[in-house]
Amino acid sequence: MLLDTASLYFRAYFGVPDSVRAPDGTPVNAVRGLLDFIDRLVKDHRPDELVACMDADWRPKWRVDLIPSYKAHRVAEERAAGPDEEEVPDTLSPQVPVIEAVLDALGIARVGVAGYEADDVIGTFTARARGPVDIVTGDRDLYQLVDDAREVRVLYPLKGVGILQLTDESWLREKYGVDGRGYADLALLRGDPSDGLPGVPGIGEKTAAKLLAEFGDLAGILAAVDDPAARLTPSQRKRLDESRPYLAVAPTVVRVAADVPLPDVETALPHSPRDGETLEGLARRWGLGGSLQRLLGTLGA
């Protein structure tokens with residue numbers, strides 16, 4: 001089980017009232033909410049391995065160099081060295097180091113790699129997996145990894161993590177008309193304002209799905225642009241042709257990496273804390289109470 005950790009703690013932050021606070025009054029709603037999420041996921045799915053995948057760089061330069069608008073609207077502060085600072089609610093930012101410390105003390109593998117997003121870490125773990133993979137994320141970009149033959153599915157939270165949309169290829173075909181491999185092509189054609197991806201003007205989700213059904217993939221669509229006999233409207237042909245510079249680089253930006261240099265980590269689900277003393281101190285300092293105790297009980301079981 002691979003967790004898109006930031007996606008989940010953002011959901012926890014907005015889903016749990018900020019009246020949930022540490023003894024000193026500091027909000028810990030994201031911390032406790034994430035612990036509750038992990039507890040429910042482990043209870044319901046009993047994974048053999050669990051990895052909390054992190055954004056070491058939420059807006060990698062190699063993506064921005066190709067499409068400068070990539071996530072540009074979410075930049076709080078540009079930095080000459082290191083990742084730009086992302087816009088994050090004031091009371092969430094201080095909770096992230098607490099989340100990291102608690103995961104480390106629990107012994108839950110936590111992996112982020114410089115120059116890459118959590119999506120890329122997830123993509124690489126998925127590519128290397130020898131058995132079934134469940135990816136837990138509120139980010140539809142990761143639908144591109146769904147692969148029935150390899151038993152890779154996305155668990156997309158609908159309400160907390162108790163109600164999950166189990167995304168497999170049949171669900172993708174019914175919803176979008178594509179399989180996992182086709183989802184990345186659909187996404188880059190359609191564009192995604194939340195990630196600053198312009199897409200092809202005039203090509204929405206339904207049109208993108210029809211083009212992919214007709215021509216197979218992005219390469220097939222671009223070949224059709226050059227084929228006068230291909231069934232494209234004049235408007236589609238013109239817009240796709242004018243978008244060639246974008247379409248030349250968008251696949252590299254949209255497709256998650258599968259070759260991230262992952263560190264050597266123990267991914268087995270822990271049954272007892274790695275550092276019980278540190279964990280006790282964190283529990284007292286931040287008032288983690290029942291959320292932590294429930295998770296410890298679930299891991300111990």
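The values are calculated or read from the model by the stated rules, or taken from the named source; none is laboratory data. Fair warning: this is a prediction, and the values are worked out from it, not measured in the lab. Methodologically, a virtual Cβ is constructed for each residue, glycine included, from the backbone with ideal geometry; neighbour enumeration extends over all protein chains shown. Accessible surface areas use protein heavy atoms only, side chains included; no ligands, DNA or RNA. Shrake-Rupley method; radii C 1.70, N 1.55, O 1.52, S 1.80 Å.
Annotation: of all residues in region 67-87 being surrounded by fewer than 12 Cβ atoms within 10 Å (Cβ to Cβ) and among the small types (Gly, Ala, Ser), the one that is modelled with the highest pLDDT is Gly82.
The residues listed here are Val64, Val96; of these, the one that is open to solvent by less than 70 Å² (accessible area, probe 1.4 Å), more than 16 Å from Tyr9 (Cα to Cα) and hydrophobic (A, V, I, L, M, F, W, C) is Val64.
Would you say Ala114 is under 27 Å from Leu269 (Cβ atoms), of a type in the set (A, V, I, L, M) and open to solvent by 60 Å² or more (accessible area, probe 1.4 Å)? Criteria met by Ala114. When Ala129 is tested against (1) over 26 Å from Ser272 (Cβ atoms); (2) open to solvent by 10 Å² or more (accessible area, probe 1.4 Å); (3) in contact (Cβ under 8 Å) with a residue 12 or more places away in the chain, just one condition goes unmet, and that condition is (1). Looking at this structure, is Thr5 open to solvent by 30 Å² or more (accessible area, probe 1.4 Å) and of a type in the set (Ser, Thr, Tyr)? No, not satisfied. Report, by residue number, each residue of region 233-261 that is in contact with a helix residue (DSSP H, G or I) (Cβ under 6 Å, 6 or more places away or on another chain) and outside any helix (DSSP H, G or I). Listed by number, the residues that qualify are Arg255, Val256, Ala257, Ala258, Val260.
Mind telling me which of the residues Gly162, Gly177 ends up being in contact (Cβ under 8 Å) with a residue 24 or more places away in the chain and over 19 Å from Val254 (Cα atoms)?
Exactly one of Gly162, Gly177 is in contact (Cβ under 8 Å) with a residue 24 or more places away in the chain and over 19 Å from Val254 (Cα atoms), namely Gly162.
Return a yes/no flag: does region 262-272 have any residue that is closer than 22 Å to Arg181 by Cβ and surrounded by 14 or more Cβ atoms within 10 Å (Cβ to Cβ). Scanning region 262-272 turns up no residue that is closer than 22 Å to Arg181 by Cβ and surrounded by 14 or more Cβ atoms within 10 Å (Cβ to Cβ). Taking helices (runs of 4 or more DSSP H) as the structural unit, those lying wholly within region 129-225 and holding at least 1 residues that are modelled with pLDDT of 95 or more, under 15 Å from the mean Cα position of the chain (by Cα) and small (Gly, Ala, Ser) correspond to 180-190.
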